[in-house]
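The values are calculated or read from the model by the stated rules, or taken from the named source; none is laboratory data. Treat the numbers as computed from the prediction; the structure is a model and nothing was measured. All Cβ positions, even for glycine, are placed from backbone atoms using ideal geometry, and neighbour counts span all protein chains on display. Please note that ligands, DNA and RNA were not included when accessible areas were found on the heavy atoms of the full protein model with its side chains. Shrake-Rupley method; radii C 1.70, N 1.55, O 1.52, S 1.80 Å.
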Amino acid sequence: MILKAARIGHPILRTKASPVDPAEIKTAEFRRLLDDMIETMREYDGVGIAATQVHVAKRAAVLEVSGEHPRYPDAPNIPLQILINPEILECSNAIEEDWEGCLSVPGLRGRVPRAKEIRVRALDENGGELEFTAADFHARIIQHECDHLEGLVYLDRMTDLKSLSFLEEFRRFNP
Ligand code: NI
């Protein structure tokens with residue numbers, strides 16, 4: 001089921017999400033939430049979505065970049081990844097600034113500094129433990145989604161708002 005994405009101004013986006021009880025992961029209700037998040041992300045051409053964006057204050061996020069992505073055509077493909085209770089264990093000192101958008105901030109793009117590489121721990125959709133290193137755009141998406149679970153949006157991370165652009169102007173002036 002395609003869910004309604006909350007837009008900034010809705011207090012859910014400023015809510016710190018609660019950890020998911022591992023026993024909950026295999027319940028039909030939680031599986032449905034994950035499936036709906038995946039469907040919603042794909043429907044709106046997102047590259048990631050956090051549960052808070054669909055009005056559920058639980059620490060879960062999904063991400064995927066497949067094919068030539070309509071909103072991020074230059075992004076490398078990233079297979080579907082489900083992250084439950086994700087934690088960023090380490091961040092590289094190297095910071096990279098690049099464009100981000102968000103389904104909760106529709107129609108806008110801005111340049112956001114993020115750690116180039118991160119070490120991540122999470123549970124997968126079966127409750128299995130994941131620990132991995134992510135870099136570049138993959139690391140960017142995870143940092144963006146983990147921020148959502150803390151009640152933050154990318155606008156909070158921008159160090160200079162001058163790059164903030166509507167999509168049409170972004171496409172026109174940043175080919
Ligand atoms: Ni977002």
Long-range neighbours under 7 Å by Cβ, at least six apart or interchain, first residue under 18 Å from residue 59 (Cα atoms) within the range 1-15, second among the hydrophobic types (A, V, I, L, M, F, W, C) and assigned to a helix (DSSP H, G or I) | 3/54; 5/54; 6/12; 6/13
Filter the range 16-33 down to the residues that are touching a residue at least 40 places away in the same chain (Cβ under 8 Å) and open to solvent by 50 Å² or more (accessible area, probe 1.4 Å), then identify the one that is farthest from residue 125 (Cα to Cα).
-> 16
Can you name the number of the only condition in (1) more than 15 Å from the ligand (Cβ to nearest atom); (2) open to solvent by 40 Å² or more (accessible area, probe 1.4 Å); (3) in a strand (DSSP E or B) that residue 98 fails?
-> (1)
Is it the case that the range 63-72 has a residue that's surrounded by 16 or more Cβ atoms within 10 Å (Cβ to Cβ), outside any strand (DSSP E or B) and at pLDDT below 95?
-> yes
If you take the residues of the range 108-142 that are within 16 Å of the chain's Cα centre (by Cα) and in a loop (DSSP other than H, G, I, E, B), which of them is nearest to residue 81 (Cα to Cα)?
-> 124
